[in-house]
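Take a look at the structure set out below.
The values are calculated or read from the model by the stated rules, or taken from the named source; none is laboratory data. On a predicted model such as this, the values are computed, not experimentally measured, just so you know. As a convention, Cβ positions derive from the backbone with ideal geometry for all residues, glycine included, and neighbour counts pool all protein chains shown.
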Amino acid sequence: MTMRVLVLGAGGQVGFECAAVLRLTAEVLALTRGQLDITDSDALIAMLQNWQPDVVVNGAAYTNVQEAEAKEAQAHAVNARAVGILGEQAKKRRFGLIHFSTDYVFDGRKDGAYEEGDTPCPLNAYGRTKLEGERALIEADAPALILRTAWVYGMRTHNFVSTILRLARSRPVVSVVTDQRGNPTFCRDLAEAVALLSSRLQGQRGGFEAWRAWRGVYHLAGQGMCSRFELAQAVLSLDPRRSEHLVRHIVPITSPELASSVCRPERVNLNTNLAFERLGIRLPPWRMSLQRALAG
Ligand SMILES: NC(=O)c1ccc[n+]([C@@H]2O[C@H](COP(=O)([O-])OP(=O)(O)OC[C@H]3O[C@@H](n4cnc5c(N)ncnc54)[C@H](OP(=O)(O)O)[C@@H]3O)[C@@H](O)[C@H]2O)c1
């Protein structure tokens, strides 16, 4: 029987790619925020009741880190309250849930790579609300894979990589911070992992029982860590349309020079061994994925 997958937040980077990849093997209903606002719990529950998905992929999130500082209640409604309801519904209606969380649940002060069991300590409102979302799923004992990822980019919408490509074409000097380090993650890689995980778990005998058995928090991000500065350098050197660049220098700066009012973790390296050991899934090295993304 064809698996039925409901994708929420399908206008976003990850939601859009998940829907595109899942369509190759599943019956997909992909809804943007305009089609279903997940904070409208009546509409959300009615949709789940009517469409009866086997799997829900939640790509919906309040992701504006800066804005979330002033609008934490709104961020909480999307990133935590609605997620808790999804979790309760998943348990009640027996569908598997894939949800995304973030490296921003950590403060970045650990020397080594972060494992799933490390104590979170978010530095900003976005990170706090995402952590509350994780906890709501765990409290609901939801049959959910909570995939913590990081530094997500794609070629469709606004993100760090697309910003560097745009700036490189419009100015001779681009300044980039050297003191923020993380794991760049291509949204297509995440989507392929989500499609594989969905078919694998749904295909296992018992279907829903497999989701229950493997529920939990997993780190899933591009292999390897770099600074924003190193990522910008790689973007420029791997861009197949380098001849269009106006940029001559990338200037290294530090976060305080950016004068951002939001506190961000300086260095989060997600250890992704657990996802490989338990779920058999690992994303490619970040530079390899960047090359694939830029090649289009
Ligand atoms: N981007 C990153 O670097 C990053 C890093 C770590 C983790 N993550 C996590 O990865 C997941 C996907 O992120 P992304 O990069 O794909 O973010 P994104 O591009 O900002 O997509 C999020 C989507 O959610 C939609 N949305 C917001 N509020 C909604 C609501 N109430 N109901 C339904 N949809 C709503 C947004 O619609 P509008 O655009 O119309 O608001 C947007 O299309 C999120 O859980 C995020 O926290 C992202």
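Among the conditions (1) in contact (Cβ under 8 Å) with a residue 24 or more places away in the chain; (2) buried (at least 18 other Cβ atoms within 10 Å of the Cβ); (3) touching a helix residue (DSSP H, G or I) at 6+ places or on another chain (Cβ under 8 Å), the only one that Leu167 does not satisfy is (3). Of all residues in the range 154-177, those being farther than 17 Å from Pro240 by Cα and of a type outside the set (S, T, N, Q) number 8. The set of residues in the range 35-74 being without any contact (Cβ under 8 Å) to a residue 40 or more places away in the chain and near the ligand (Cβ under 7 Å from one of its atoms) consists of Leu36, Asp37.
Yes/no matrix, rows are residues, columns are (1) assigned to a loop (DSSP other than H, G, I, E, B); (2) within 19 Å of the chain's Cα centre (by Cα); (3) small (Gly, Ala, Ser):
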{"residue": "Met1", "(1), (2), (3)": "yes, no, no"}
{"residue": "Val5", "(1), (2), (3)": "no, yes, no"}
{"residue": "Val21", "(1), (2), (3)": "no, yes, no"}
{"residue": "Ala46", "(1), (2), (3)": "no, no, yes"}
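Can you confirm whether the range 256-263 contains a residue that is modelled with pLDDT of 95 or more and touching a Leu at 6+ places or on another chain (Cβ under 8 Å)? No, that holds for no residue. Filtering Gly112, Gly87, Gly108 for residues that are away from the ligand (no atom under 11 Å from the Cβ) and either surrounded by 24 or more Cβ atoms within 10 Å (Cβ to Cβ) or of a type in the set (Asp, Glu) (or both) leaves a single hit, Gly87. Which one of these is within 13 Å of the ligand (Cβ to nearest atom) and either β-branched (Val, Ile, Thr) or surrounded by fewer than 20 Cβ atoms within 10 Å (Cβ to Cβ) (or both): Val7, Val28? On inspection, the qualifying residue turns out to be Val7.
Residues in the range 197-211: is at least one away from the ligand (no atom under 13 Å from the Cβ) and within 20 Å of Ala61 (Cβ to Cβ)? Yes: one or more hits. Checking each residue in the range 177-188 for being of a type in the set (D, E, K, R) and part of a loop (DSSP other than H, G, I, E, B) picks out only Asp179. Of the residues Gly216, Gly182, the single one that is surrounded by fewer than 17 Cβ atoms within 10 Å (Cβ to Cβ) and either among the aromatic types (Phe, Trp, Tyr) or within 28 Å of Tyr114 (Cα to Cα) (or both) is Gly216.
Considered as a group, the residues in the range 136-159 that are in a helix (DSSP H, G or I) and either out of contact with any strand residue (DSSP E or B) (no Cβ under 6 Å at 6 or more places or on another chain) or on the phi > 0 side of the Ramachandran plot (or both) include one that is nearest to the ligand (Cβ to nearest atom), and that residue is Ala136.
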